[in-house]
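Single-structure report; data block below.
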């Protein structure tokens, strides 16, 4: 299981945030629709690429992503700004379910921003039923599960190979009785919302994760159905599916 302390958080300092970069355009789309309204997806200086992602922030390269040799300017029905997991998923959905032509613009290359820096958690443990984002989180997890099921039916290696899809589960750890009481209440709320959640005592937590030690009055909240993807594999798959 993947583990977070219930009292920990990490927020990047402003001086570590990346500075703005000029946009490049990548056409992950079929030929533009003849009825498309003029919408320039690239400036005259923008360029098309055939690339893999490499650099000091990468532990390993992203499998080669394709983009068409885009002209200096082109016109599409939809231009998606941002080639992370959200932007590419939007482009994929439009290409598969509508007749619209789509282009994606990004300051660098796919998976080079927040998506590439993320850990690929598809978790409900940090979500709050009834919040503004709850329905979106539930729908998002379902869409990932649908895509994983689709890959299991289509490919020899299934979702594990194509998405890095893993049923890891998640643990939120309470190191004190006060933290554990908070997690016990959160467990009840999530369970009432239909999420498979359980609260573990210190001894049960040790049985599940022997290397993890908490005091006798501590414990954890465990969500066995939480998942994780490999973001590099997922972005590569979505790009390949979307490229026509």
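Values quoted throughout were computed directly from the atomic coordinates according to the rules given, and no laboratory measurement underlies them. As the structure is a prediction and not an experimental result, all values here were calculated from the model. Glycine also receives a Cβ, built like all others from the backbone with ideal geometry; neighbour counts cover every protein chain displayed.
Structure above, values below:
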quantity: Residue under evaluation residue 236, criteria (1) within 30 Å of residue 80 (Cα to Cα); (2) surrounded by 21 or more Cβ atoms within 10 Å (Cβ to Cβ); (3) in contact with a helix residue (DSSP H, G or I) (Cβ under 8 Å, 6 or more places away or on another chain), criterion not met; calculated: (3)
quantity: Those helices (runs of 4 or more DSSP H) lying entirely in segment 127-244 with at least 2 residues free of Cβ contacts under 8 Å to residues at least 60 places away in the same chain; calculated: 134-154, 158-163, 177-192, 202-208
quantity: Top-ranked residue in segment 208-232 [being under 24 Å from residue 114 (Cα atoms) and touching a helix residue (DSSP H, G or I) at 6+ places or on another chain (Cβ under 6 Å); ranked as surrounded by the most Cβ atoms within 10 Å (Cβ to Cβ)]; calculated: 229
quantity: Candidate set: segment 74-106, residues that are crowded, with 22+ Cβ neighbours inside 10 Å and over 27 Å from residue 117 (Cα atoms); chosen: the one farthest from the chain's Cα centre (by Cα); calculated: 74
